[in-house]
Amino acid sequence: MDYLSLVGIALGLAMDAFAVSITNGATTRKVTPRFSLKLAFSFGLFQAFMPMLGWLIGKAGEGFINAVDHWIALILLSYLGIRMMMESSKEPEEKSAGQRQNDIGFKTLVTLSVATSIDALATGILLPSAVGAKTAALMLSSVGIIGAVTFFLCLIGVYIGKNCGKLLSSKAELFGGIVLTGIGVKIFVEHMFFT
């Protein structure tokens, strides 16, 4: 198995989740180890699960996945990003007590995890030929490496965001919304015009 190519693929797949982790670290009022581990675990789990699912679907589902994955990422990330930007424009007393909590809701966490890992679904179809993972055991170890790389990058990303969030202060939520929406647009444009 070609581990160098695999790590390269893992790093490429993890970049969107890494950027979203930075955003979450910047916009969360109190970053705790529990918060950062939960975020990194969820992103890592979905980045590992999606290529495995893509591999199981196989070539039969390749056309369908390639037709919708960028739309799903655009819609989910834009929705979350625009919501964050709208919240940032409210006066502090207008914001509900539930906004900018010390944690992230399950629904939001799953939405972010799916949106940032949807491109990994299509990658799973091509992964066996790209890295030489011809058996189920090699495929499992491949997706394990992808998940682990994503986990560690996202864990680091949360703390980068935490430190950047202090610098951005009140603009962190606006900046985070712009970043999330931008990632959705980037995924959409890449799939529409560069694949």
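The values are calculated or read from the model by the stated rules, or taken from the named source; none is laboratory data. Quick caveat, the model's predicted, so the values are computed rather than measured. Backbone-built Cβ (ideal geometry, glycine too); neighbour counts: all protein chains shown.
Would you confirm, using the coordinates I've provided, whether Ser5 is crowded, with 23+ Cβ neighbours inside 10 Å, hydroxyl-bearing (Ser, Thr, Tyr), in a helix (DSSP H, G or I) and touching a residue at least 12 places away in the same chain (Cβ under 8 Å)?
For Ser5, the condition - crowded, with 23+ Cβ neighbours inside 10 Å, hydroxyl-bearing (Ser, Thr, Tyr), in a helix (DSSP H, G or I) and touching a residue at least 12 places away in the same chain (Cβ under 8 Å) - is not met.
Only one of these is assigned to a helix (DSSP H, G or I), modelled with pLDDT of 85 or more, in contact with a Pro (Cβ under 6 Å, 6 or more places away or on another chain) and among the β-branched types (Val, Ile, Thr): Val143, Val114, Val110. Name it. Answer to the check: Val143.
Scanning segment 117-140 for residues that are of a type outside the set (Val, Ile, Thr), assigned to a loop (DSSP other than H, G, I, E, B) and either out of contact with any Pro (no Cβ under 7 Å at 6 or more places or on another chain) or closer than 14 Å to Gly12 by Cβ (or both) returns Gly132, Ala133.
Of the residues in segment 53-63, at least one is among the basic types (Lys, Arg) and either closer than 22 Å to Phe194 by Cα or in a loop (DSSP other than H, G, I, E, B) (or both).
Regarding Ala26, is this residue buried (at least 20 other Cβ atoms within 10 Å of the Cβ), under 22 Å from Ile145 (Cα atoms) and touching a residue at least 12 places away in the same chain (Cβ under 8 Å)? When the stated conditions are applied, Ala26 does not pass them.
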